[in-house]
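The values are calculated or read from the model by the stated rules, or taken from the named source; none is laboratory data. Predicted model only: the values in this text are computed from it and were never measured. Note that each Cβ is placed from the backbone with ideal geometry, even for glycine, and that neighbours are counted across all protein chains shown.
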Amino acid sequence: MNEKIDAKQLACIDRKLRTVVYDAADNPKLTEMSDALYVLTQRLWGLIFQKGKWKGEMEALQDEIQQTYEVLSGANPEKAGKIRRQLLSDHVNRIKGRL
C-alpha cells in the first residue's frame, strides 16, 4: 500500500474508534466538543502526512486502540477516563513535536 491509502485508512479507523468511545460515554457535550476538536486534528494530520511522518501515527493509533479496548473491557470508567486523557495528551505532544 502507498502512504495516501494508509493515511486515509488510518483516518477512517481513528474516526470509528472515537465514535465507539463517545457513544459508550453517552455524553452529548463530550461528543460535540470532541467532534469540533477532531476537525482541527484532521488539519494537523494533513500536515504530518504531507511530511511523510504517517508511520509513527499508525503505531500510536494501534497502541491507542489496544489500550482503549483493554480498559473498556474492564468496565472501569474512572480508569478509562484517565487513560483517554493520557492518550489525548500524548497525541497533542506527538503532533507538536512533528510540526
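Output yes when any residue across the range 47-61 is free of Cβ contacts under 8 Å to residues at least 24 places away in the same chain, farther than 22 Å from Lys8 by Cα, out of contact with any strand residue (DSSP E or B) (no Cβ under 9 Å at 6 or more places or on another chain) and of a type in the set (D, E, K, R), and no when none is.
no
Would a scan of the range 33-41 turn up a residue that is surrounded by 12 or more Cβ atoms within 10 Å (Cβ to Cβ) and among the charged types (D, E, K, R)?
yes
Determine whether Val39 is in contact with a helix residue (DSSP H, G or I) (Cβ under 8 Å, 6 or more places away or on another chain), at pLDDT 80 or above and assigned to a helix (DSSP H, G or I).
no
Which one of the conditions (1) assigned to a helix (DSSP H, G or I); (2) surrounded by fewer than 12 Cβ atoms within 10 Å (Cβ to Cβ) does Ala75 fail to meet, given that it meets all the rest?
Status for Ala75: all satisfied but (1).
Take Asp90 and tell me if it is of a type outside the set (A, V, I, L, M), in contact with a helix residue (DSSP H, G or I) (Cβ under 8 Å, 6 or more places away or on another chain) and either in a helix (DSSP H, G or I) or in contact (Cβ under 8 Å) with a residue 40 or more places away in the chain (or both).
Considered against the rule, which asks whether it is of a type outside the set (A, V, I, L, M), in contact with a helix residue (DSSP H, G or I) (Cβ under 8 Å, 6 or more places away or on another chain) and either in a helix (DSSP H, G or I) or in contact (Cβ under 8 Å) with a residue 40 or more places away in the chain (or both), Asp90 comes out as yes.
Looking at the range 27-86, which of its residues are closer than 18 Å to Arg98 by Cα, touching a Lys or Arg at 6+ places or on another chain (Cβ under 8 Å) and of a type in the set (Gly, Ala, Ser)?
Gly56, Ala60
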